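Notes follow once the structure below has been shown.
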Amino acid sequence: MDTTPFTIERTLNAPVEKVWKAISDKEQMKQWYFDLKEFKPEVGFEFQFTGEGQKGEKYLHLCKVVEAIPHRKLAYSWSYDQLKGYSVVTFELFPEGDITRLKLTHEGLDSFRENGPDFAKESFMQGWTELIGKLLPGFLSKTEQHGK
């Protein structure tokens with residue numbers, strides 16, 4: 001059984017303050033990530049959102065912030081309503097002048113295997129690669145152009 005966490009790193013053409021806001025402000029998050037009713041980067045804050053499976057299935061994600069260090073680190077638990085498994089998603093930010101290196105780690109993916117193909121490690125890898133590799137950088141470049 002592969003228990004290795006999934007990790008993706010990207011260098012983003014934006015200062016750490018902008019990247020932090022993009023991963024912690026619900027209004028910005030809904031433009032590239034998920035549409036959350038509420039989000040606060042505070043330890044203990046619980047939130048949920050619905051994601052869609054490959055065939056249109058709806059999965060209620062249940063999350064709780066477990067670590068929050070502004071402009072440095074944001075981590076939250078990630079599980080599903082009425083499904084087995086527990087994982088933790090961690091965003092780490094490394095400022096490098098006017099750019100930011102972001103490292104995302106998703107630990108515990110192996111705990112979801114029994115829930116079917118939507119929960120295979122490859123499915124998470126595809127999702128995070130799209131989110132961190134394309135959608136987040138695209139959102140940041142758009143806000144940079146508009147001076148936000």
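The values are calculated or read from the model by the stated rules, or taken from the named source; none is laboratory data. Since we're looking at a predicted model, the values are computed, not measured. Here the Cβ is made from the backbone with ideal geometry for all residues, glycine too, and neighbour counts use every protein chain on show. These area figures cover heavy atoms from the full protein model, side chains too; ligands, DNA and RNA do not enter into them. Shrake-Rupley method; radii C 1.70, N 1.55, O 1.52, S 1.80 Å.
Miscellaneous remarks
- Sole residue being open to solvent by less than 60 Å² (accessible area, probe 1.4 Å) and touching a Lys or Arg at 6+ places or on another chain (Cβ under 9 Å), chosen from VAL88, VAL65: VAL65
- Residue identified as under 23 Å from LYS142 (Cα atoms), open to solvent by 10 Å² or more (accessible area, probe 1.4 Å) and either modelled with pLDDT under 95 or out of contact with any helix residue (DSSP H, G or I) (no Cβ under 6 Å at 6 or more places or on another chain) (or both) among PHE47, PHE34: PHE34
- Those residues of region 126-148 which are closer than 14 Å to TRP20 by Cα, at pLDDT 90 or above and open to solvent by 20 Å² or more (accessible area, probe 1.4 Å), in sequence order: PRO137
- Matching residues in region 1-31 - criterion: being open to solvent by 10 Å² or more (accessible area, probe 1.4 Å), free of Cβ contacts under 8 Å to residues at least 40 places away in the same chain and not β-branched (Val, Ile, Thr): LYS21, ASP25, LYS26, GLU27, LYS30
- All of SER123, SER77 fail the test of being within 26 Å of VAL19 (Cα to Cα) and either in contact with a Cys (Cβ under 7 Å, 6 or more places away or on another chain) or in a loop (DSSP other than H, G, I, E, B) (or both), apart from SER77.
- In the condition set (1) within 21 Å of SER24 (Cα to Cα); (2) open to solvent by 40 Å² or more (accessible area, probe 1.4 Å), GLU114 is compliant with all but (1).
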